[in-house]
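Taken together, the values in this text are just the output of simple stated rules run on the coordinates, not laboratory data. Keep in mind it's a predicted model, so treat the numbers as computed, not measured. Glycine gets a Cβ as well: all are built from the backbone with ideal geometry, and neighbour counts include every protein chain shown.
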Amino acid sequence: MDNRIIEEFNNMSSKLLKSYDTLNQISEVDIATSPKTAVYSEDKLTLYRYNRDTEATFKTPVLVIYALVNTYKMLDIQPDRSYIQNLLAAGLDVYLIDWGFPGGMDKYLTMDDYVNGYINNCVDHIRKKHRLEKINILSICQGGTLSVIYSALYPNKVKNLVTHVTPIDFSTNDGLLFRWSKDMDFDLLVEANHGLIPGEFLNQGFDMLKPMMKAQKQQSMTNSLDDKNKLLNFLRMEKWIAESPDQAGECFRQFMKDLYQQNKLVKGELEVGGKKVNLKNLTAPLLNIFATEDHLVPPAATKPLNDLVGSTDKELYSFKGGHIGVFVGSKSQKELAPAVTSWLKKRDN
């Protein structure tokens, strides 16, 4: 037998034995461990305030609004890759909306319920607590779209707006998700799922956008089996993905039809709760962040926001990376979070 084959076999056997020991060392996979306190709740929603060991150095608190898809826990995936921890370390008073897990009773929730109801109630709770007219909003992906809509409807309540990888102009064909959505029958999809879109269905769709990513992930796991820290990194991300909540059918229907298919927000035709959304009414200072390699929300869907709003103080920030890497990558910890907090600090008066 070739010596190289023997050596490879021995290495593989050694790695398998070590991986067995590594797996035995892992009793639990924890994510989103930063201490926080529930300060407001409504239906499935919980508003958290993150605990601080010291007083905040910022005058204005920030409300983090994540997408309805997946959960906010990606922002606090592990202590050394936590966007939340970076915000706290910079001196911010951080609040966050946990949308919870919609069930059958929630299938009729609309964009009106989320924007004019839940988000507005959380903003008012923070405003009242801090005796402020306006607060900061920091938003992610679909949560950014909802925050933009909110900021246009309630400009008197938003001091500064930071959007991350946020879809605004849905006319682009740069991403497969945008192309597929234009021809899908979302009415049929909602009805076929009895008004509640399964989180697993959406995850399968995301996997199809990059078919080889699953094979790459499996290879990554195999290469991590003998390294506890690398394996934990992998398992934390998999746990976050597996926790994907279902979607309220009516909100999903309007979001996909009015935005992805008809691009009503950009056209000035979107109505939420009977209120017309005019992006020129969004006048808060804006930091609009896009990821150059984003396959879910391509730059072409994000960048037009700056030309559509009424803000005079607005900045477009290009981050070299992908949709998730914006928050969990090592580069993000060193570059993006400091840039965001520095931008907010200059406007904290």
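State the answer as a single residue: which of ALA248, GLY325, ALA284 lies farthest towards the positive end of the charge dipole of region 239-349, with beta carbon charges of +1 for Lys and Arg and -1 for Asp and Glu, about the Cα centre. My answer, from the dipole projection, is ALA284. Annotation: amide H-H contacts under 5 Å for HIS295 (H modelled 1.01 Å from N, sequence separation of 5 or more, or interchain): HIS323.
Using only the Cα atoms of region 22-134, build the gyration tensor, take square roots of its eigenvalues as a ≥ b ≥ c, and label the shape rounded, prolate or oblate: rounded if a/c is under 1.5, else prolate if a/b is larger than b/c, else oblate.
Here region 22-134 falls in the oblate category.
Karplus-derived 3J(HN,Hα) values for region 264-278, using 6.51 cos²θ - 1.76 cosθ + 1.60 with θ = phi - 60°, are 5, 5, 5, 6, x, 10, 6, 10, 10, x, x, 9, 6, 9, 10 Hz; glycine and proline are entered as x. Magnitude of the charge dipole for region 81-181, about its Cα centre and with charges confined to Cβ atoms of Lys, Arg (+1) and Asp, Glu (-1), is about 340 debye.
Relative to the Cα centre, what is the charge dipole magnitude of region 226-349, using +1 at the beta carbon of each Lys and Arg, -1 at the beta carbon of each Asp and Glu, and rounding to the nearest 20 debye?
Working: 19 positive and 16 negative charges, 69 e Å.
Dipole magnitude for region 226-349 comes out near 320 debye.
Around the amide H of LYS314, modelled in the peptide plane, lie the amide H atoms of LEU286, all under 5 Å away and 5 or more residues distant in sequence or on another chain. A simple count of charges around LEU45, restricted to other residues whose Cβ falls under 12 Å of its Cβ and scoring Lys, Arg +1 and Asp, Glu -1, yields -4. Positive end of the dipole of region 72-169 (Cβ unit charges, origin at the Cα centre): among LEU138, ILE168, TYR108, the Cα lying farthest that way belongs to LEU138.
Going by average Cβ density within 10 Å per residue, which order do the peptides 100-109, 187-196, 168-177 take, highest to lowest?
Details: 100-109: 16.0, 187-196: 14.4, 168-177: 17.7.
Going from most to least packed, we get 168-177, 100-109, 187-196.
For TYR40, the residues whose amide H sits under 5 Å from its own are LEU47, ignoring neighbours fewer than 5 places away on the same chain, with H placed 1.01 Å from N.
Which of rounded, prolate, oblate describes region 260-349, given a ≥ b ≥ c as roots of the alpha-carbon gyration tensor eigenvalues and a/c under 1.5 marking rounded, otherwise prolate only if a/b is larger than b/c?
It comes out oblate by the Cα gyration axes.
Residue by residue, region 172-185 carries 3J(HN,Hα) couplings of 5, 10, 5, x, 4, 4, 6, 5, 4, 5, 5, 10, 7, 8 Hz when phi is fed to the Karplus relation 6.51 cos²θ - 1.76 cosθ + 1.60 (θ = phi - 60°); x denotes Gly or Pro.
How charged is the neighbourhood of THR57? Take every other residue with its Cβ under 15 Å from the Cβ of THR57, and add Lys/Arg as +1 and Asp/Glu as -1. Write out the running numbers ahead of the final one.
Numbers: positive: ARG52, LYS59, LYS345, LYS346, ARG347; negative: ASP53, GLU55, ASP93, ASP348.
With Lys, Arg at +1 and Asp, Glu at -1, the net is +1.
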